[in-house]
Every structure is written in structure tokens, then in C-alpha cells.
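First up is the structure itself, then whatever we jot down about it.
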Amino acid sequence: MSNAKIEMNDVLGSWVLLSCDELSGDTPKAMYGATPQGQIQYTDEGRMSAFLMNPNWPTEGGEATRDFNRFLSYAGTWELKDGKVHHQDTFCSLPSMIGQTLVRSAEFVGDELHLRTEPRTSKSGKTYVQHLRWARPLAK
């Protein structure tokens, strides 16, 4: 696939997480560890679910509400508008995200689906963007 305009059918189905980097300035930070695990699914009925996890999280323990940078899950509905994916969160391991709409710019780089969060600014004034790379799972 190319960087042409993304259509709903291009996104439908299951994807596995390849990487999730938080970008602030010139230094990317690997979220969910160097080899993150995760999947995201989009249905043609407009439903979606996403799970992102540091593979060490289950053995190290922790609470999802505190450890959102090591484990995050959410689900709800989705739609594609002007090359951006809108996730409307109905369920989430982080209660403050329930009811929120998460907007992601979307593009294909080769066969990978790249999603980028909208920039957010911290209390200290730093701007952050998360860049997630997804691929189709290998057939079993």
C-alpha cells in the first residue's frame, strides 16, 4: 500500500503492534518496552478494541490504572474522517479516558499502518506525540 488516501476498508481487521514511541523534541522514548505487545481491531460495524502492553508487565505486576505506560486497553467505536481515525472510548483500563475521543492521524508506510496521536502539552510545557506502528498478523 502507498501513502494514498486511507479508506475504511484499508483499516478493517486485526493489527499487531510493532512499536510505540513517544516523541518529544529529538528523543523518541519506547513506550511499552523495546519489544511491545499489542493488537488493535477495527470492524466494519464501527467497533474497535486496542491492547498495548510491555511484555514484562504481567510478571512485574502493577495496576493498569497506574501503569498506563506499561499496559493500556480500551474499546468502543471508531470512524475515519479526513485521514484520521477517531476512537470513541466506551471502555478503558484508565478511567479518565472513558468517554473521550482519541484522534489519530493515519498513513500507510509500505504494509504498515502508522498512527500518530494529536500533540499534547504537559504542565511543564513539553509537547508529546505518540507514534504507533502496526502490521497485519502473520497467518497461522
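Only one of these is touching a helix residue (DSSP H, G or I) at 6+ places or on another chain (Cβ under 7 Å) and over 15 Å from Cys20 (Cα atoms): Leu102, Leu138, Leu80. Name it.
Only one candidate qualifies: Leu80.
Remark: Leu115 matches the filter, which requires a residue to be touching a strand residue (DSSP E or B) at 6+ places or on another chain (Cβ under 9 Å) and under 21 Å from Lys5 (Cα atoms).
Residues in the range 69-80 that are within 29 Å of Asp44 (Cβ to Cβ) and either at pLDDT below 90 or open to solvent by 30 Å² or more (accessible area, probe 1.4 Å) (or both): 4 in all.
Scoring Arg70 on the criteria (1) without any contact (Cβ under 8 Å) to a residue 40 or more places away in the chain; (2) within 13 Å of Trp134 (Cβ to Cβ) leaves a single failure, condition (2).
The set of residues in the range 81-119 that are surrounded by 15 or more Cβ atoms within 10 Å (Cβ to Cβ), farther than 17 Å from Val129 by Cα and of a type in the set (D, E, K, R) comprises Asp89, Glu112. Taken as a whole, the condition of being at pLDDT 95 or above and either at positive phi or open to solvent by 30 Å² or more (accessible area, probe 1.4 Å) (or both) does not apply to Ser2.
The values are calculated or read from the model by the stated rules, or taken from the named source; none is laboratory data. Treat the numbers as computed from the prediction; the structure is a model and nothing was measured. FYI the Cβ positions are ideal-geometry reconstructions off the backbone, even for glycines, and counts take in every protein chain you see. Accessible surface areas use protein heavy atoms only, side chains included; no ligands, DNA or RNA. Shrake-Rupley method; radii C 1.70, N 1.55, O 1.52, S 1.80 Å.
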